[in-house]
Amino acid sequence: MAKRDYYDVLGVSKGASADEIKKGYRAKAKELHPDRNADNPQAEAQFKEANEAYEILKDAEKKAAYDRFGHAAFEGGMGGGGGRPGGGFGGGQQDFTDAFSDMFGDLFGDFGGRGGAGGRRAARGSDLRYNLRIDLEEAFAGLQKSINVPTSVACNACNGTGAEGGSEPTTCPTCSGMGKVRAQQGFFTVERTCPTCSGLGQIIKDPCKVCAGAGRVEKDRALSVNIPAGVETGTRIRLAGEGEAGMRGGPSGDLYIFIEVKEHKLFERDGTNLFCRVPVSMGTAALGGSIEVPTIDGGRGRVQIPAGSQSGRQMRLRSKGMPALRGAGTGDMFIELAVETPVNLTSRQKELLREFEDLSEENNPESSSFFSSVKSFWDSMKG
């Protein structure tokens, strides 16, 4: 029986691009897959035919030869003299898996043993996290902080190789150094981590007695960390290569410092701005005056209180807040007044306050306005 035209098999035109050929093959592979066509005895043969067509048309040289000579270009073995051994769909599983890997390679890795030669697969060390609590003053100024991190470091006895006495690890006989093994499941080749070497590609016949072949040992490390000015809770600092040492000489992971800034007795922080609640006496709020307030840098600032100030009034001290972590600029400091009601009054003080109360009917505009609104509300309810 004469072979069908490869372009017709894939449902594409003769001048189709590589992408169009691949799309055509994928569509046919899904349509004709034997698992989806159990009731069609011809499906498997058609599926193989589509695979054979794609194997030729995906290769630029083979495609050019086919366009010129047709099927005659590959008589005696797919790919002719320039093809690889075992060429031709009937030549073995290799061609099938090579072609199928273009469709499913992202899911299952390389098919049919196309991966490179085995080599040392030293595993990268894990990343570590360290939580660091600092004061608000330290966050304002920045600091150099010494920390002790429990981690794993390269074994000095074997120089991180995991092998005793300077001996070298040997290639894993199970995976031939690939670190992975393949198993055929129907039309699919499934790739798994090698159970013998745990994916490292090598085994150690004489493991180091200090690290038991791991190439690393547990140890506390002292590190000096630079905390920049302006950090806040949640800021993350990455120290590359300061994490856990890799297995058998593999690269180290990274260390991540997570900052937590403690609450302050005097200041509340909102981004780069600071807020300070300052109590003032009733007399100062009524008559006006000046008060001295602390600043985060340890200095002092003087604030003028306008006469008639109420609780909750805010005044700004520019550039007295926190520095910005990224970019120039400094936040502001806001002073919030808390008018304090006097307590533990003497008889004379009570007498003066009662006298003041009798004379202050026009001095409380907010109270007058409020109670006027209340009276209007009650009158409206009476109808």
*In nanometres, what is the gap between the two model label sites at F258 and L359, each 7 Å from Cα along Cα-to-Cβ?*
6.3 nm
*Exposure proxy check: F69, F140, F267, F275 ranked by fewest other beta carbons within 10 Å?*
F69, F275, F267, F140
*Arranged from highest to lowest average of other beta-carbon atoms within 10 Å per residue, in what order do the peptides 345-357, 302-314 appear?*
302-314, 345-357
*How large is Rg over Rh for segment 153-229, taking Rg from the Cα atoms and Rh as the Kirkwood inverse mean of 1/r across Cα pairs?*
1.23
_Taking 45 Å as R0, compute the FRET efficiency from the Cβ-Cβ separation of L325 and K3 and round it to 0.05._
0.05
*So, with +1 on the Cβ of K and R and -1 on the Cβ of D and E, and no other charges, what is the size of the charge dipole of segment 267-340 about its Cα centre, to the nearest 20 debye?*
200 debye
_Given K350/K375; K28/K58; K3/K62; K22/K62, the pairs whose alpha carbons are separated by over 19 Å_ = K350/K375
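No value in this document is a laboratory result; all are computed from the given coordinates. Everything numeric here is computed off the predicted structure, so don't read it as measured data. Using ideal geometry, Cβ is built from the backbone for each residue, glycine included, and neighbour counts are taken over all protein chains shown.
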